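Worksheet for the structure shown next.
The values are calculated or read from the model by the stated rules, or taken from the named source; none is laboratory data. Quantities reported herein were computed from a predicted structural model and do not represent experimental measurements. FYI the Cβ positions are ideal-geometry reconstructions off the backbone, even for glycines, and counts take in every protein chain you see.
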Amino acid sequence: MLKLGIIGTHIITDQMLDAAKTTGKYQLTAVYSRTLDRAKEFGEPYGATEFYDNLEKFFSAGDFDVVYVASPNSLHYQQVRLAIENDKFIIVEKPAFVNPAEFSAIESLLAAHPKARLVEAARHIHTPLYERAVAKVAEMKEHHCQGGTITVMKYSSRYDKVLAGDQPYPNIFTLDFAGGALMDLGVYAVYGAVTLFGEPSTVVYYPTLAKTGVDAKGVAILNYDHFTVTLNFGKTANSYLPSEVYGLKDTLVFDSIFETQKVTYYDADKQAHPLEAPVAKNSMTDEMNDFADLFNHPDDPAQVKKYQHWLGLARTVNSVMYSLRQSADLTFPADNDQE
Ligand SMILES: NC(=O)c1ccc[n+]([C@@H]2O[C@H](COP(=O)([O-])OP(=O)(O)OC[C@H]3O[C@@H](n4cnc5c(N)ncnc54)[C@H](OP(=O)(O)O)[C@@H]3O)[C@@H](O)[C@H]2O)c1
């Protein structure tokens with residue numbers, strides 16, 4: 001049983017703990033929160049026995065193997081640094097880091113701490129259905145592929161506060177916490193493009209800004225050698241569009257690129273062929289299973305191979321996200337910390 005510590009006590013941590021329980025491979029032991037009261041309130045119902053409001057002490061004294069980091073984006077870097085220095089296995093929520101300078105500093109630190117492992121919680125790429133879809137796109141690419149369109153757009157109830165001028169604004173709508181549509185939902189679209197088509201040669205992002213300075217929604221074009229991929233994402237509107245990959249006369253349709261429950265292949269005769277694969281009730285279960293296999297067998301060659309693959313994907317996604325921001329002149333205070 002892997003002993004689990006957590007940073008961040010919001011809804012996504014509840015979902016992760018539900019998935020962790022389903023795997024039967026983790027037990028929550030330690031909770032860090034900004035206040036001890038909150039750490040206890042959140043952690044006790046899950047059976048946690050250690051509570052901290054001091055991050056250094058959480059890492060040096062806490063009895064856990066794995067730490068799950070689900071704090072605002074701009075805090076991941078310093079928190080993950082501490083975790084690596086304490087030789088932990090780390091699951092960091094997406095987007096793992098704000099820019100390539102942070103990513104590269106983390107990789108150097110990982111090299112100096114060979115017992116530590118770091119994975120980004122890009123949950124959708126770990127599901128059997130998504131893996132089947134990746135294989136189907138690989139087949140389509142062998143014949144004729146003309147790119148795709150990926151949409152991830154959902155109105156955030158937190159935007160109500162921005163509209164109302166109710167300050168302080170939610171973290172995810174602030175530059176200080178490296179928020180905005182690209183960082184929050186766009187990252188799923190970028191993961192989609194990178195896992196299905198690889199690294200684009202050039203990218204451009206056309207954002208619509210919120211009054212807080214972050215991107216509220218936007219459209220990105222990713223250019224590949226023989227096609228383009230359009231990303232359409234946002235937090236201030238609802239979209240009901242599916243995502244699609246275009247062959248010649250055939251098309252692959254995802255109901256959602258990150259909550260993927262249904263993927264349908266339409267052949268040249270417009271006949272629908274649903275891809276068959278089991279879909280877990282909690283969409284974080286497959287990633288938590290995959291991560292447990294890695295953490296339980298960190299030096300097994302098959303696990304090392306998967307780990308390198310996930311880290312490579314995370315690095316590419318981080319780099320594409322940064323290029324998209326650069327193309328739109330979108331900067332965060334965290335970018336300056338690295339210069
Ligand atoms: N994979 C997914 O589907 C998914 C879904 C949602 C979010 N996420 C990711 O999870 C991370 C957290 O997102 P979220 O929406 O939960 O963020 P959030 O509500 O803004 O904050 C998460 C936690 O961080 C702590 N926190 C909040 N404000 C803070 C501050 N000013 N300084 C220090 N700590 C603060 C709080 O924990 P305490 O009060 O206990 O300190 C809070 O519960 C993000 O990276 C996000 O992208 C992933």
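Overview of results
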item: Strands (runs of 3 or more DSSP E) within the range 227-339 that include 3 or more residues assigned by TED's automatic domain parsing to the domain that holds THR208 and either touching a Cys at 6+ places or on another chain (Cβ under 7 Å) or closer than 23 Å to HIS126 by Cβ (or both); result: 228-234, 243-246, 251-254, 263-266
item: Unmet requirement for ILE91, which otherwise passes all of (1) under 19 Å from MET284 (Cβ atoms); (2) touching a residue at least 40 places away in the same chain (Cβ under 8 Å); (3) surrounded by fewer than 16 Cβ atoms within 10 Å (Cβ to Cβ); result: (3)
item: Residue within the range 153-170 that is surrounded by fewer than 21 Cβ atoms within 10 Å (Cβ to Cβ), over 23 Å from HIS10 (Cβ atoms) and in contact with a strand residue (DSSP E or B) (Cβ under 7 Å, 6 or more places away or on another chain) present; result: no
item: Top-ranked residue of the range 22-47 - restricted to ones that are touching a Phe, Trp or Tyr at 6+ places or on another chain (Cβ under 8 Å) and more than 18 Å from PHE89 (Cα to Cα), ranked as surrounded by the most Cβ atoms within 10 Å (Cβ to Cβ); result: GLY43
item: Test: residue in the range 199-206 that is touching a strand residue (DSSP E or B) at 6+ places or on another chain (Cβ under 6 Å), modelled with pLDDT of 95 or more, aromatic (Phe, Trp, Tyr) and assigned to a strand (DSSP E or B); result: yes
item: Qualifying residue in the range 180-189 (condition: among the β-branched types (Val, Ile, Thr), part of a loop (DSSP other than H, G, I, E, B), buried (at least 20 other Cβ atoms within 10 Å of the Cβ) and in the same structural domain as THR236 (by TED's automatic domain parsing)); result: no
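A quick yes/no check of all residues on (1) of a type outside the set (Ser, Thr, Tyr); (2) modelled with pLDDT under 95; (3) away from the ligand (no atom under 11 Å from the Cβ):
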{"residue": "LEU4", "(1), (2), (3)": "yes, no, yes"}
{"residue": "HIS10", "(1), (2), (3)": "yes, no, no"}
{"residue": "LEU28", "(1), (2), (3)": "yes, no, yes"}
{"residue": "SER33", "(1), (2), (3)": "no, no, no"}
{"residue": "THR49", "(1), (2), (3)": "no, no, yes"}
{"residue": "LYS57", "(1), (2), (3)": "yes, no, yes"}
{"residue": "VAL67", "(1), (2), (3)": "yes, no, yes"}
